[in-house]
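What follows is calculated from the coordinates using simple rules that are stated; it is not laboratory data. It should be emphasised that the depicted structure is a prediction, and the values quoted were computed from it without experimental measurement. Ideal geometry is used to build each Cβ from the backbone, glycine not excepted, and the neighbour counts take in all protein chains shown.
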Amino acid sequence: MSLQEETAAARVLAERARYVARGVSTPRLVVARAFGARIEDVDGRSFIDFAGGIGCQNLGHGNPAAVAAIHEQVDLYLHQCFMVGTYEPYIEVCRLLAELSPCGKGEQRSLLLNSGAEAIENAVKIARTATGRPAVITFDNGYHGRTLLTMTMTSKVVPYKKGFGPFAPEVYRAPSPYPYRGVGSDEAIHGLEEVFKTGVDPESVACVVLEPVQGEGGFIPMPADYPARLQELCRKHGILYVDDEVQSGCARTGPVWAIEHYEGVEPDLLVSGKSIGGGMPLTAVTGRAEVMDAVDPGGLGGTFGGNPVACAAAVAVLEEVSAPEFRARAAELGDRMRGRLEALAERTPQIGEVRGLGPMLGVELVTDRDSKTPAPELAKAVVDAAFERGLLLLSCGTYGNVLRTLVPLVVTDEELEQGLGILEESLADAGAGAA
Ligand SMILES: Cc1ncc(COP(=O)(O)O)c(C=O)c1O
C-alpha cells in the first residue's frame, strides 16, 4: 500500500504497535465515535456492534440518560475517594443494588470497585472473613479476571495463565455443567462431591464462584436445576455462593441478573460490573448485611472504587434496566435472535449448538456434528469476515470456537437484521454451510 492509500486506522495501529505493550491483543477497529449499536471508525466505516466493548454497552453507546448524568456530575466534582469524603451517588448506586439484589431477604449492602477482577477478589475476601475459611471453589470454563487470584480462578490456560505462575493458593476447580459436551447437572454435582473427597475438605471452603452463563468460557448457561442444587450443597457445608454476574448481569439476559432465570436460588454474594457503569468503570459486590459486614471498617476499599462520575452513570443505568419495558425488549430481541440463529444452524452443519439465555447467545462451531471437534479457525475466519462486512463480532470459549452476541439492547430491528445477515454471510465466506 502506498503512503497516499494508507488508512487512518493503519496509521493509528502502527502507532499502537510502537507504544503499547504487545500483551494487550490488538483489534483491527480504530474507533472515532459510537452511538447505540453502531460504531464508526477513523476512516468513516460504520459497524454494527455485536461486541458492546465486551458486554459493557448493554444500554448502547452514548446512552442518553447515562451521558446526561455524567455531564452533570463532571460539573459538580470528580474524584474524592469514598474513604476521604462521602458523596451521594455512591450511596444511591448501593441503594439501587439493594433494591435489585437477588441475595435473599433482609438489608442488603454493597461495595463499589473498578474492575470485575477487583470485585471478585473482594467477594472472596468477604466470604473468607464471613466464614473464617480459606478455600475457594471455581469451575471448568469459568472466567473471573486477570489479577493473581482471579486468573488462578479462571480455567483457560492460554492466554490467561500461561507463564504467569505461581498461582494463588487455596483455589480448587470442579466440573461445571456443559450439556453439549456431556456434563449435565448430575455429573457436575457428583464432580464437586469428588472434589470434596479428593481436593479439599468442604468445611475449609469459604465460597463457590460461578457465572450463571459462563461468558469467556463459551456462553454456557447453567441448566435450570443446577444453581439450586449447588446452593443446597453449599448450605449443607456452610459454604457461600458467589454469583459472578460481571458479564451475564445488567439485563444482558433480559432480567437485571441472569440468576433470576433460575428457581429456588438466592446467592450469598452478587458480583456485578461491565454494563452497570454505562461505559464508565464501575463494579460492585452486593450481599446481605450479615455477610457484607463481616469485614471490619478499613478492610475494604481502594482509591478509585465508586468514582462519582461512574456512580452517576450507574444510577441512570440501573434505573433504565429495571424498567419492565427494557426487560420486555431484551426478551423480544433474545427470541428473535435465537429464532434466526437456530434457523441458520439447520442449514449449517458446522454449527454444533446455539445456546444462551435471552439475548446473550453463543454459537458453538465444530468441524462436524458427530465428532463435535471444536473449530477455532472457523470461528476466527467468521469474525474476520464479519469485520470486512461491517459487523463487530467476538469469539470465546475454552476452545476458542464459540461466536458470542453482546449486541447493545437498544439495537433497532433493522440493525439487528442487518447484523444477523452479515453473520450468516460471514459463515459462508469462511467456508461454513451445507456440505
Ligand atoms: C464473568 C466475569 N467475571 C469477571 C470478569 C473480569 O472483569 P474485568 O475485566 O472488569 O476485570 C469478567 C470479564 O470479562 C467476566 O466476564
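Structure above, values below:
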{"item": "Modelled FRET efficiency - R0 22 Å, LEU148 with VAL24, Cβ distances, 0.05 increments", "result": "0.75"}
{"item": "Rounded D (µm²/s) - the stretch 77-321, Kirkwood Rh over Cα pairs, Stokes-Einstein at 37 °C, 0.692 mPa s", "result": "183"}
{"item": "Of TYR178, TYR143, TYR241, the one that fluctuates the most in a GNM where the chain has Cα springs shorter than 10 Å", "result": "TYR178"}
{"item": "16 Å cut-off, amide nitrogen to a point 7 angstrom out along VAL84 Cα→Cβ, residues in the stretch 110-125", "result": "none"}
{"item": "Distance between modelled label sites at GLU194 and GLU332, nm, 7 Å Cα→Cβ extension", "result": "4.7"}
{"item": "Least to most buried among VAL74, VAL31 (fewest other Cβ within 10 Å first)", "result": "VAL74, VAL31"}
{"item": "Reach of LYS162 by Cα under 23 Å, taken over lysines that are not fewer than 8 positions away in the same chain", "result": "LYS380"}
{"item": "Formal net charge of residues neighbouring SER185 (Cβ-Cβ distance under 12 Å; K, R +1; D, E -1)", "result": "-3"}
{"item": "Equivalent ellipsoid, the chain (semi-axes from 5 times Cα gyration tensor eigenvalues, Å)", "result": "33, 28, 21"}
{"item": "Selected from MET337, MET280, MET83 as most flexible by GNM, with the chain as the system and alpha-carbon contacts under 10 Å", "result": "MET83"}
{"item": "Within straight-line cross-link reach of LYS236, lysines at Cα separation under 16 Å, skipping those fewer than 8 residues along the same chain", "result": "LYS197"}
{"item": "Most mobile of PRO349, PRO324, PRO134 in a GNM of the chain (Cα contacts under 10 Å)", "result": "PRO324"}
{"item": "Summed side-chain charge close to GLY116 - residues other than GLY116 whose Cβ falls under 14 Å, Lys, Arg +1, Asp, Glu -1", "result": "-4"}
{"item": "Long-range amide H partners of ALA34 with built H, under 5 Å", "result": "GLU40"}
{"item": "Cross-link partners of LYS125 among lysines (Cα-Cα below 17 Å; sequence separation of 8 or more within a chain)", "result": "none"}
{"item": "Counting DSSP beta bridges with both ends in the chain, the antiparallel % (nearest 5)", "result": "65"}
{"item": "FRET efficiency for VAL158 and GLU107, using Cβ-Cβ distance with R0 set to 35 Å, rounded to 0.05", "result": "0.20"}
{"item": "Summed side-chain charge close to PHE167 - residues other than PHE167 whose Cβ falls under 15 Å, Lys, Arg +1, Asp, Glu -1", "result": "+3"}
{"item": "The chain: calculated mean residue ellipticity at 222 nm from DSSP helix runs of at least 4, using -39500 (n - 2.57)", "result": "-12000 deg cm²/dmol"}
